[in-house]
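All remarks here apply to the structure that follows.
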Amino acid sequence: MLVGAFKTRPEILRVPPTYLPENWEPGNFLTMWDTPETPLPANLLSTVVISLGGTALALLAALPAAYYTARHNFRLKLPFMLLVLVTQMLQPTVLASGLFREFVTLEINDTWLAMILVNAAFNLSFAVWIMHSFFASVPKEIEEAAWLDGCSRSQSLRQIMLPLVWPGIVTAVIFTFIACWNEFAASLILLPTDTNQPLTVALTRFIGQYESAWQYVFAVSIIGILPVVALFALIEKHLVSGLTAGGVK
């Protein structure tokens, strides 16, 4: 894909093919932003806003849910957790028509808010189950010791529990962000306006019925995967450091 991004379209389609380009075309990474049928700057902005918003909303809802289910044994705990898990069985494609009608009624169709809600909802169950297991692995005695020292429940959650379950939070953030970044089916239906669509949908406009601009497909794909790779590289160190953070002496 990287090598193809530096080729011209005729060279990509050449038979027999060449591995390395004979004439390197780094300009593909510049001219792809000026294609009239694909407003890539707006598409990239949409992808960033929707992914960050969906990840933040999912994490905001999953944290208290995971903490409560891990620390309290209520009568319908198992049915509730199974109900949360069942939502993973429903794909956005199956519910797209219903979501479309709902968002039209709420007058938020074809907006970033609609896709933020969809992405947060479809990734919420994964985040809850991941963080639930991390919260449940922390002994209750640690929290009880904090309460005896004068901490409130909210203070013990922020100062004691969150540092201990940081690896679970990082895992949930990474997978939720990647899922939001790669989402395609719901965006294709719920975001008909070109400028509101994410990169996953914008990429398909370079592929036509009779010809395709493969050099731009490869170049846009490179731009699309770089933020995810950078995010993982930045957060990876916290997977280890969070294991010992917040421990008591």
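Observations on the model:
- Filtered residues of the stretch 67-89 (kept if loosely packed, with under 12 Cβ neighbours inside 10 Å and either over 30 Å from MET161 (Cα atoms) or under 24 Å from the mean Cα position of the chain (by Cα) (or both)): LEU82, LEU83, VAL86, MET89
- Residue match in the stretch 5-21 (condition: surrounded by fewer than 14 Cβ atoms within 10 Å (Cβ to Cβ), assigned to a helix (DSSP H, G or I) and modelled with pLDDT under 90): yes
- Being farther than 22 Å from TYR210 by Cα and small (Gly, Ala, Ser) is a condition met by at least one residue of the stretch 24-38.
- Elements of type helices (runs of 4 or more DSSP H) in the stretch 158-249, at least 1 residues being modelled with pLDDT under 85 and either surrounded by 13 or more Cβ atoms within 10 Å (Cβ to Cβ) or of a type in the set (Asp, Glu) (or both): 166-182, 214-235, 238-244
- Only one entry in ALA179, ALA186 is among the small types (Gly, Ala, Ser), touching a residue at least 12 places away in the same chain (Cβ under 8 Å) and under 26 Å from GLU236 (Cβ atoms), namely ALA179.
The values are calculated or read from the model by the stated rules, or taken from the named source; none is laboratory data. Fair warning: this is a prediction, and the values are worked out from it, not measured in the lab. Here Cβ is always computed from backbone atoms with ideal geometry, including for glycine, and neighbour counts include all displayed protein chains.
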